[in-house]
Amino acid sequence: MDAQSSAPNYRGPHNNSYEEEPSAPVRHRRIEAVKPPEAAMRALTIEETRIPISAVHRATTKRLPQLPDALDFWGLAAAPANVAMQMAWPEVGRGVIESPVESGALMKHPWKRLRTTASYLAVAILGTDAEKRAMREAVNVAHRQVRSAPGAKVRYNAFDRTTQLWVAACLFVGFEDGYQLLNGKMSPEQAEAFYQNASTLGTTLQVHEDMWPKTRVDFDQYWNEACGRVSIDEEVRAYVDDLLHLRMIHWYLRLFFGGLLRFLTAGFLPPHFREQMGVEWTATDQRRFENLFLFVGFVNRFIPRFIRNVGNPQMGYVRWRIRKKYALV
């Protein structure tokens with residue numbers, strides 16, 4: 001095999017290698033370019049695909065909010081729900097369950113997975129271009145092993161940009177929901193400022209900049225359309241049930257924190273996802289959830305930012321691993 005024929009190329013979602021591409025031409029209207037291709041979608045509303053935020057925004061600074069403001073310790077509470085949302089796309093769900101990369105398996109190595117995911121998010125939001133390249137190369141090593149077998153019912157490949165866009169969109173939704181629960185619902189102007197530069201959640205890997213919805217309004221349209229592809233089979237539902245019940249952590253941690261964490265996880269799931277996953281949630285549960293975050297948000301204002309912010313410490317950790325030439329993933 002010559003050098004040219006063996007060169008990596010992930011221009012198609014089911015090839016077996018990957019080629020770095022600096023840019024991609026825009027051939028379609030933006031939303032059409034990112035719409036899931038084989039979706040049999042029904043019209044969904046924001047009320048179905050997002051959690052409700054009732055509190056008015058409480059500004060802590062004169063500037064408009066930005067995505068790094070969401071790197072708050074309490075944002076970690078949304079992590080299990082966000083993984084479950086990502087897995088609601090069949091390609092992600094099957095890819096996670098069937099992945100041969102045991103070292104990164106959430107149910108077997110939850111703390112390592114938390115570390116690597118936190119590192120990725122910190123780099124995507126705060127990292128330099130060189131740090132993003134280093135993280136991309138590290139993630140690519142694991143992703144090269146994650147692809148469906150020939151004849152699989154659900155075809156997937158971890159380098160598929162459309163699937164990566166969905167995962168990045170879920171991550172953004174988690175950050176925005178966490179920020180608004182702590183600080184109140186943003187105005188359209190504030191939401192647009194918060195949204196700017198969020199594309200790096202996907203472009204740090206293989207998502208092209210032109211795939212990311214241009215405005216916050218465009219994102220809502222993409223999100224509602226993409227949520228129409230949510231479909232969970234029985235095996236994925238069983239995995240998600242283990243995740244929601246925190247069966248990946250030690251029993252004594254579940255004994256003390258399991259009830260609260262299950263409640264938080266269910267609260268961070270939008271209604272459409274709860275319905276698909278068979279998660280019960282009442283109006284009383286919603287009031288308790290909102291009141292909890294009203295209290296947490298009030299207390300949070302008295303905690304110094306350098307204590308509750310997890311982004312900068314995580315970036316320091318990543319930079320230390322890069323200097324020592326340790327694996328990032």
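The values are calculated or read from the model by the stated rules, or taken from the named source; none is laboratory data. On a predicted model such as this, the values are computed, not experimentally measured, just so you know. Using ideal geometry, Cβ is built from the backbone for each residue, glycine included, and neighbour counts are taken over all protein chains shown. These area figures cover heavy atoms from the full protein model, side chains too; ligands, DNA and RNA do not enter into them. Shrake-Rupley method; radii C 1.70, N 1.55, O 1.52, S 1.80 Å.
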- Rounded to whole Å and sorted largest first, list the principal axis extents of the Cα atoms in the stretch 92-206. 48, 32, 26
- How much of MET135 can a 1.4 Å solvent probe reach, expressed as accessible area in Å² and rounded to 10? 0
- For VAL154 and PHE295, what does the FRET efficiency come to when R0 = 51 Å and r is the distance between their Cβ atoms, rounded to the nearest 0.05? 0.75
- Probe 1.4 Å, all protein chains present, accessible-area order of LEU255, LEU294, largest first: LEU255, LEU294
- Message: I'd like to know which of THR163, ILE125, ALA191 lies farthest towards the positive end of the charge dipole of the stretch 120-205, counting +1 on Cβ of Lys and Arg and -1 on Cβ of Asp and Glu.
- Response: THR163
- Query: Using the per-residue mean of other Cβ atoms lying within 10 Å as a proxy for protection, in what order, highest first, do the peptides 280-286, 44-50 fall?
  - Reply: 44-50, 280-286
- Message: Run the simple label-point estimate for THR45 and ASP129 please: 7 Å along Cα→C-beta, distance reported in nm.
- Response: 4.5
- In nm, the gap between the two label points placed 7 Å beyond Cα toward Cβ at LYS185 and HIS245 is 3.5
- Query: How many percent of all Cα-Cα pairs in the stretch 169-322 sit more than 27 Å apart?
  - Reply: 38
- Query: Which percent of the accessible area of the stretch 280-329 is formed by carbon and sulfur heavy atoms (probe 1.4 angstrom)?
  - Reply: 61
- Note on the structure: Once LEU171, LEU165, LEU126 are ranked on solvent-accessible area with the largest value leading and a 1.4 Å probe, the list reads LEU126, LEU171, LEU165
- Show the residues, 5+ positions off or on another chain, whose built amide H is closer than 5 Å to the amide H of ASP72. VAL310
- Flagged as over-length at 27 Å C-alpha distance, from LYS112/LYS324; LYS132/LYS153; LYS62/LYS214; LYS214/LYS325; LYS132/LYS185, the pairs are LYS132/LYS153; LYS214/LYS325; LYS132/LYS185
- With a 1.4 Å probe and all protein chains in place, put ASP241, ASP160 in order of accessible area, largest first. ASP241, ASP160
- Note on the stretch 240-303: alpha-carbon gyration tensor, axes a ≥ b ≥ c; rule is a/c under 1.5 for rounded, else prolate if a/b larger than b/c, else oblate; result oblate
- Message: Using 0.36 nm times the number of residues separating GLU137 and TRP281, minus their current alpha carbon distance, what extension gain do you get?
- Response: 47.8 nm
- For TRP111, solvent-accessible area (1.4 Å; no DNA, RNA or ligand), Å²: 150
- Item | Probe 1.4 Å - accessible area at VAL154, Å² to nearest ten | 40
